[in-house]
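For reference, the structure discussed in these notes is given below.
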Amino acid sequence: MPSLLSAVSQAFSMIVSLDSYLLSVVGVSLKVSGMALLISVPVSALVASLLGLGRFPGRNLLRTLVNTGMGVPSVIVGLVVLLLLSRSGPFGGLGLLWTPTAMVISQCVLITPLITGVMLSAVVGVDRAISEAAHALGASRLQRVLTVIREARFGFLTAVLAGFGRAISEVGSVLLVGGNIVFPNGVSYTRTLTTAIVVETRKGQFETALALGIVLIVIVLSLNLVASRLQRRGTL
Amino acid sequence: MRPMKRVVVLAVCLWGLFSLGQVAWGVGELVISTTTSVYDTGLLDLLNAVFGERFGVPVKVIAVGTGAALRLAREGNVDLVLVHAREAEDEFLRGGWGINRRDVMYNDFVLVGPPDDPAGIGGLESVVEALRRIAERGARFLSRGDDSGTHKREISLWEVAGVTPSAPWYMESGKGQGDNLVQASLMGAYTLTDRGTFISLRERLELLVLVEGPLNGGDPLLMNPYGVIAVNPAVYPDRNYVMAMAYIGFLTSPEGQRIIGEFRVHGERLFVPMALSREPRFEQYVPQDWRR
């Protein structure tokens, strides 16, 4: 069995030497998860605000659906997207299977409920008095909503981080719809950090797999550090 | 909210940076579905680099089990399959999904197990006899259980042995070959594996080859031939049939066959090329029981 130490040193040397395979794999990971996040966050913010502040029939059912969506396994999402994008499936003509776009689509489906759910609880958690005070000060409906969202911004940030965390650490759906493709020159097309870990483990390259895992953790960690700094400095 | 704006600008810049790295590839591309047992050895990286340079076409490889590889082809998601389960290949041909099958190469399966060999099968020449003994002694056997080529072969070997594997000694992992070997090693179980994956993982496993395949003069029942089949352009006209045929041509050419034959992992030969033959071998083109 490999030693953790040799994995750490390999991870370090891969990062320091800017290993081109590693860079392209990290690039695909960040690109796909980042794009999924850019699409999901506005949608989630809108849905969470509507569900949290709006009053309309079916609201509770929708909330239940959002909460259920948070627990759907990524493999199931990947399988459904695979069948939809498959050449003989309904959207096969688009030729999107085995592309980063297909990965973005499945990650959007995967993380939107999660981000919405966390944002929703942040919106609901805002003290009613704040909204009422805004009303008393003569704020319009839209201004009241914006006030509440402003109050809930830390919760929103947590939601974004949780969404990014789930997206970049997810392996089931990107493996299925992306195909884990790398070109013979070592440039990744649809191989992410997580699917690269799967391949290396299967090949018995446990140190490399662990090293990639360490890189993944470092990325998520630095993002969270930046976020918590933003929070503490109150610049957000 | 101004810092928020900055974050957005930063995100867009990063996005642009990563997009730069992804220059559009030329007109065509070739998508292959194949088995993890071939892909994980690294042979295809070697072949695809030469092919890609020669024909100016990027080759994309989807590595899954044989069952999944054929299914992806049936749904029109790849141009070509390279797999190792003749009966499943024949069904694929009979269904009209694939055409122009060729034999490419073979390697072999080996029966591996824990060094203390509780069923006493070490050195047996017949894999069928070994399986019977494992069943009689009720020694642990870990099957992949994933409809892969190796799994299909294992099932047919149990059938030949006239044994129905049963609980509690027979277990399925549902994993790929490498993961399954690691698990078998940890469990002290017997398992069937292709030689290539076993060799690349050997140092990390507490498993020994107990019944040899034909590559080392062992049981011919453990022969593991690989076939290549193009997806039928009459079914999926927009698949890259021309490049698929070029790829089949390349694999079965003297050059492709030489690359396959010279390929080594840890100094060991993993595949024996079998496409070149002075005598016609018609059986490779049609299902095995095909009659006019």
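Residues of region A:1-46 that are closer than 30 Å to A:G117 by Cβ, buried (at least 21 other Cβ atoms within 10 Å of the Cβ) and more than 14 Å from chain B (Cβ to nearest Cβ): A:S44 alone. Out of the residues in region A:79-90 that are modelled with pLDDT of 95 or more and more than 12 Å from chain B (Cβ to nearest Cβ), which is nearest to A:Q107 (Cα to Cα)? Restricting to residues being modelled with pLDDT of 95 or more and more than 12 Å from chain B (Cβ to nearest Cβ), the top hit is A:V81.
In the set A:L225, A:L161, only one residue is surrounded by fewer than 18 Cβ atoms within 10 Å (Cβ to Cβ) and either more than 30 Å from B:N77 (Cβ to Cβ) or among the charged types (D, E, K, R) (or both); that residue is A:L225.
Only one of the listed residues (B:S166, B:S156) is of a type in the set (S, T, Y) and either under 22 Å from the mean Cα position of the chain (by Cα) or closer than 30 Å to B:V286 by Cβ (or both). That residue is B:S156.
Residues that are touching a strand residue (DSSP E or B) at 6+ places or on another chain (Cβ under 8 Å) and acidic (D, E) were ranked within region B:147-179; the one that is nearest to B:F109 (Cα to Cα) is B:E154.
Against the list (1) of a type outside the set (F, W, Y); (2) surrounded by fewer than 24 Cβ atoms within 10 Å (Cβ to Cβ); (3) at pLDDT below 95; (4) within 30 Å of A:Q205 (Cα to Cα), the condition B:P115 fails is (3).
Of all residues in region B:118-137, none satisfies the criterion of being surrounded by fewer than 16 Cβ atoms within 10 Å (Cβ to Cβ), in contact with a strand residue (DSSP E or B) (Cβ under 7 Å, 6 or more places away or on another chain) and either among the hydrophobic types (A, V, I, L, M, F, W, C) or closer than 14 Å to B:T164 by Cα (or both). Criterion applied to B:D103, B:D116, B:D147 was being of a type in the set (D, E) and on the phi > 0 side of the Ramachandran plot, and the one residue passing it is B:D147. Within region A:117-143, restricting attention to residues that are out of contact with any Ser or Thr (no Cβ under 7 Å at 6 or more places or on another chain), part of a helix (DSSP H, G or I) and touching a residue at least 12 places away in the same chain (Cβ under 8 Å), which residue is surrounded by the fewest Cβ atoms within 10 Å (Cβ to Cβ)? This residue is A:G125.
If I filter region A:171-182 for residues that are surrounded by fewer than 21 Cβ atoms within 10 Å (Cβ to Cβ), modelled with pLDDT of 90 or more and more than 8 Å from chain B (Cβ to nearest Cβ), do I get at least one hit? The answer is yes; a qualifying residue exists. Of B:E91, B:E53, all but one fail to be surrounded by fewer than 16 Cβ atoms within 10 Å (Cβ to Cβ), assigned to a helix (DSSP H, G or I) and modelled with pLDDT of 95 or more; the exception is B:E91. Under 20 Å from A:V174 (Cβ atoms), more than 9 Å from chain A (Cβ to nearest Cβ) and not aliphatic (A, V, I, L, M) - does that describe any residue in region B:85-94? No: region B:85-94 contains no residue that is under 20 Å from A:V174 (Cβ atoms), more than 9 Å from chain A (Cβ to nearest Cβ) and not aliphatic (A, V, I, L, M). Cβ-Cβ distances below 8 Å connect the following pairs, each with a first residue in region B:126-142 that is closer than 14 Å to B:V112 by Cα, a second residue that is part of a strand (DSSP E or B) and polar (S, T, N, Q), and a separation of six or more residues or different chains: B:F141/B:T191; B:L142/B:T191.
Cβ-Cβ distances below 7 Å connect no pair with a first residue in region B:47-61 that is more than 9 Å from every other protein chain (Cβ to nearest Cβ), a second residue that is in a loop (DSSP other than H, G, I, E, B) and at pLDDT 95 or above, and a separation of six or more residues or different chains.
The C-beta contact set for region B:249-278 (first residue free of Cβ contacts under 8 Å to residues at least 40 places away in the same chain, second residue hydroxyl-bearing (S, T, Y), distance under 9 angstrom, 6+ apart or interchain) comprises B:L276/B:T252; B:L276/B:S253.
I'd like to check something: does region A:69-76 contain any residue that is within 13 Å of another protein chain (Cβ to nearest Cβ) and either over 21 Å from A:G165 (Cα atoms) or over 17 Å from the mean Cα position of the chain (by Cα) (or both)? Scanning region A:69-76, I find no residue that is within 13 Å of another protein chain (Cβ to nearest Cβ) and either over 21 Å from A:G165 (Cα atoms) or over 17 Å from the mean Cα position of the chain (by Cα) (or both), so the answer is no.
Per-residue answers, yes or no, for (1) in a loop (DSSP other than H, G, I, E, B); (2) at pLDDT 95 or above:
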site	(1), (2)
B:M105	no, yes
B:L111	no, yes
B:A119	yes, yes
B:G123	yes, no
B:R133	no, yes
B:K152	no, no
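A search for C-beta distances below 6 Å between a residue of region A:171-194 that is without any contact (Cβ under 8 Å) to a residue 24 or more places away in the chain and any residue that is among the basic types (K, R), counting only pairs 6+ apart in sequence or on different chains, returns A:N180/A:R191. Name the pairs whose Cβ atoms lie under 9 Å apart, with the first residue in region A:197-224 and in contact (Cβ under 8 Å) with a residue 24 or more places away in the chain, the second buried (at least 21 other Cβ atoms within 10 Å of the Cβ) and not in a helix (DSSP H, G or I), and 6 or more positions between them or separate chains? Hits for this filter: A:V198/A:N180; A:V198/B:G176.
Every residue in region A:186-236 that is of a type in the set (A, V, I, L, M) and not in a helix (DSSP H, G or I), please.
Within region A:186-236, A:V187, A:L236 qualify.
The values are calculated or read from the model by the stated rules, or taken from the named source; none is laboratory data. Note that the coordinates shown come from a computational prediction; the quantities given were computed from them, not determined experimentally. So basically every Cβ, Gly included, is an ideal-geometry build from the backbone, and we count neighbours across all protein chains shown.
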